[in-house]
Structures are given as C-alpha cells and as structure tokens.
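So the structure is just underneath, and the comments pick up after that.
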Amino acid sequence: MTTLELTTMQEEIRGLARGRDAVILAHNYQVPEIQDVADFVGDSLGLSRQAAETDAEAIVFCGVHFMAETAKILSPEKTVLIPDLEAGCSLAASIDADQLRAWKAEHPGAVVVSYVNTTAEVKAESDYCCTSGNARAVIEAIPAEREILFLPDMYLGLWLERVTGRKLTIWLGECHVHAGIRPDDITRWEREAPDADLLVHPECGCASQAMAFASDRTQILSTEKMIDFTKRSPKKRFLVATETGIIHRLQKEAPGKTFEPVREDAVCRFMKTITLEKLRDSLRDWKHEVDVDPALAAKARQALERMVSIG
Ligand code: 13P
Ligand code: SF4
C-alpha cells in the first residue's frame, strides 16, 4: 500500500468510526498502521479499563478474541466488534471450563486467579482475573492462608511466586510466542549490547526470567509498563523480549531512544490477522459482532471487575 493509499484508508476508517460513534481500541502488539488509526493503544489492562469506561456506542477491538469478549462482558450494553474472528490466542486455548472445574474439584476451597487470556467460560469459573500489569497486586490482595490456583500461564505464575513469595498451584499453559524466546536470545544480547537495558515480559520462559533477575539492567514488565519505564529511564538503548509489535509504540512514545527485539520472529500471528482493510470492513459492514451469553457474562463480570479495580 502506498503512503497515500494508507492515509486515505485511515481517514476513511476515522470517518466511519465517527459516523457510527465507535471507539477503536488496539493492543500494543497490533501492526503499526492499526495502532496509528486507533483512539487508544494499550495493554490488556488499559484496554479493559477503556472498554469499561467509554461513552461510545460501539467498541471495535483490534486485538484477539478474548480481549473483545472481555470488553463485551464489561460493557454489555455496547456493540463490540472484532475485525477478524480468527484472532485467537494459544494461551487462552490451553484450558477450558471443564478442565478448570475438574482442577477446582481437586482443590476444594482454593481461590482461582485467571489471567485475562482466557475464555469467558473460564472467567465465569474464576474468583479473580488479572493481567500482567496487575497480577502481583491481585495475588497480594488475597489472604495469605488461602490456596491459589493460578492459570493458565506457567511462566507468569512462576514469576509471581518469586515476587510475592507465595506458593501458587500453577496450570501448565504457555504462550507459544513468549515461550519461543529462549535463554540464548537473552544471553547473546547481553553480550552484544552491554550499554542496553533489557525489558522482559513475564510470559517469557522461566530460564530467561531467572537470568533477567540476575542483572540490574533488566526489568520484568507488562507491555504498558515497558512504555512507562523507557519514557522515564535516562538510558538510550533497550532490548525487548516480547511480541515485536510493541516496538512501534515504544519508538513513538520514547523518541530518540533505540529499541531492538531479542528475537525478530517473536510475532503473534493471531494479533497480526487484523489489517486496515478488515478494520474498515468491520466498521462499514458492522461485523463481526462479539456476543457473550448474559448469564455467563454476569458470572464472569465479578472476576473482571476485581481485575480492573486492583493495581
Ligand atoms: P499485556 O497486554 O498484559 O502486556 O499482555 C500481553 C499479551 O500477550 C496479550 O495477549
Ligand atoms: Fe495469546 Fe501469546 Fe498472542 Fe498474546 S502473544 S495473544 S498470549 S498467543
């Protein structure tokens, strides 16, 4: 697409959104041209808060399906659209509600904390939801004597055990993109970029996290906290261990600094299914509407409301 075609389509999208009173929300992993046309770009927590608070009639969610579903649960009276129904999540697919019910039956009385990367059915079986942005605060809000079942991301769970000092019972799920970032990617960069700070998402494998802990040049952060950190840091160069879509946002928010992914192929194909054309078609043809059964949504909302209010 030429620059002129790109700008023309972005203007068409803004016009359609205005005409239909729709707000465009985009996750930090979206392609640059989607981020640039969105009303709000952020992490899972920030976008959930935006979805809960917006005055717009409709929300077009440029992210993956569980995020759009979360928006619908938090704002049931609004129309929620996703430009491509194929935008799934391998982590959310790693546990279903039957598996969770069976796990709960093995641990009577335990508190269930679900990462937001889960289906509505799993959220409905949960006591709390959290994102990487507030997982630590959510765990710390639960009385120390209660057993906690944490799901579905094992690496986030292991990191939470380290930072909170709590023993968690952890589901063995993973995100294929973050699990694909290997310890070698981190050590190689530490050797090659001694002047840079390393930013690691807590969904990354425990080995790379352990290494990150060993150095004062490393930070374990959610995507939005990476942006806050680099804006405030006096450092000029950063290595980034998460999905590469974040680099565009980092470059925009912290101009004059250098950001390099530790792996160029840390790309989430689900996030990248959303294109400008699909976003335009979504607004023009009012598709694909995301619905959640009201009874199920009511059960899931309590865990989500706890998530948006903590941290
Ligand atoms: P955050 O948006 O919480 O940083 O999570 C990353 C992620 O993998 C979302 O799918
Ligand atoms: Fe899911 Fe991983 Fe993609 Fe995030 S990056 S949407 S956790 S598959």
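The values are calculated or read from the model by the stated rules, or taken from the named source; none is laboratory data. These numbers were taken from a predicted model, which means no experiment stands behind them. Positions of Cβ are generated from backbone atoms using ideal geometry, with glycine treated the same way; all protein chains shown enter the neighbour counts. Surface accessibility is based on the protein's heavy atoms, side chains included, excluding ligands, DNA and RNA. Shrake-Rupley method; radii C 1.70, N 1.55, O 1.52, S 1.80 Å.
Based on this model, can you work out whether Asp21 counts as under 20 Å from Asp228 (Cα atoms) and either away from ligand 1 (no atom under 16 Å from the Cβ) or open to solvent by 60 Å² or more (accessible area, probe 1.4 Å) (or both)?
For Asp21, the condition - under 20 Å from Asp228 (Cα atoms) and either away from ligand 1 (no atom under 16 Å from the Cβ) or open to solvent by 60 Å² or more (accessible area, probe 1.4 Å) (or both) - is not met.
Test Val267 against the criterion of being more than 22 Å from Asp36 (Cα to Cα), at pLDDT 95 or above and either open to solvent by less than 10 Å² (accessible area, probe 1.4 Å) or of a type in the set (A, V, I, L, M, F, W, C) (or both), and give yes or no.
No; evaluated as a whole, the condition is false for this residue.
Taking the options Ile227, Ile274, Ile247, name whichever one is β-branched (Val, Ile, Thr) and either touching a Phe, Trp or Tyr at 6+ places or on another chain (Cβ under 6 Å) or modelled with pLDDT under 95 (or both).
Ile247
Just for region 33-90: of the residues that are surrounded by fewer than 19 Cβ atoms within 10 Å (Cβ to Cβ) and assigned to a strand (DSSP E or B), which one is farthest from ligand 2 (Cβ to nearest atom)?
So the residue we want is Thr79.
Looking only at residues that are in contact (Cβ under 8 Å) with a residue 60 or more places away in the chain and away from ligand 2 (no atom under 16 Å from the Cβ) in region 189-211, which one is most open to solvent (accessible area, probe 1.4 Å)?
Residue satisfying both the conditions and the ranking: Trp189.
Gly165 - would you say it is farther than 15 Å from Thr242 by Cα and open to solvent by less than 20 Å² (accessible area, probe 1.4 Å)?
So Gly165 does not fit the description; no.
Checking the condition touching a strand residue (DSSP E or B) at 6+ places or on another chain (Cβ under 7 Å) and more than 14 Å from ligand 1 (Cβ to nearest atom), which residue from Asp84, Asp127, Asp96 passes?
Going through Asp84, Asp127, Asp96 in turn, just one is touching a strand residue (DSSP E or B) at 6+ places or on another chain (Cβ under 7 Å) and more than 14 Å from ligand 1 (Cβ to nearest atom): Asp127.
Condition first: more than 16 Å from ligand 1 (Cβ to nearest atom) and surrounded by 22 or more Cβ atoms within 10 Å (Cβ to Cβ). Now tell me which residues in region 172-188 satisfy that.
Selection gives Ile186 alone.
Would you pick out the residues in region 212-227 that are open to solvent by 70 Å² or more (accessible area, probe 1.4 Å) and among the acidic types (Asp, Glu)?
Asp216, the sole residue that qualifies.
Pick from Ser94, Ser114: which is open to solvent by 30 Å² or more (accessible area, probe 1.4 Å), within 16 Å of ligand 2 (Cβ to nearest atom), touching a residue at least 60 places away in the same chain (Cβ under 8 Å) and within 30 Å of Ala144 (Cβ to Cβ)?
Step by step, each of Ser94, Ser114 is checked, and only Ser94 is open to solvent by 30 Å² or more (accessible area, probe 1.4 Å), within 16 Å of ligand 2 (Cβ to nearest atom), touching a residue at least 60 places away in the same chain (Cβ under 8 Å) and within 30 Å of Ala144 (Cβ to Cβ).
Residue by residue through region 126-162, note down the ones that are part of a loop (DSSP other than H, G, I, E, B), acidic (Asp, Glu) and crowded, with 23+ Cβ neighbours inside 10 Å.
Passing the criteria: none in range.
Conditions tested, residue by residue: (1) among the hydroxyl-bearing types (Ser, Thr, Tyr); (2) surrounded by 15 or more Cβ atoms within 10 Å (Cβ to Cβ); (3) out of contact with any Ser or Thr (no Cβ under 9 Å at 6 or more places or on another chain).
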residue	(1), (2), (3)
Gly256	no, no, yes
Phe259	no, yes, no
Val262	no, yes, no
Thr275	yes, yes, yes
His288	no, yes, no
Ser309	yes, no, yes
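Please determine, by comparing only the residues of region 231-244 that are open to solvent by 10 Å² or more (accessible area, probe 1.4 Å) and under 21 Å from Ala26 (Cβ atoms), which one is nearest to ligand 1 (Cβ to nearest atom).
By that ranking, first place goes to Thr244.
Go through region 1-30 and give me each residue that's hydrophobic (A, V, I, L, M, F, W, C) and either more than 20 Å from Lys287 (Cα to Cα) or away from ligand 2 (no atom under 16 Å from the Cβ) (or both).
Matches in region 1-30: Met1, Leu4, Leu6, Met9, Ile13, Leu16, Ala17, Ala22, Val23, Ile24.
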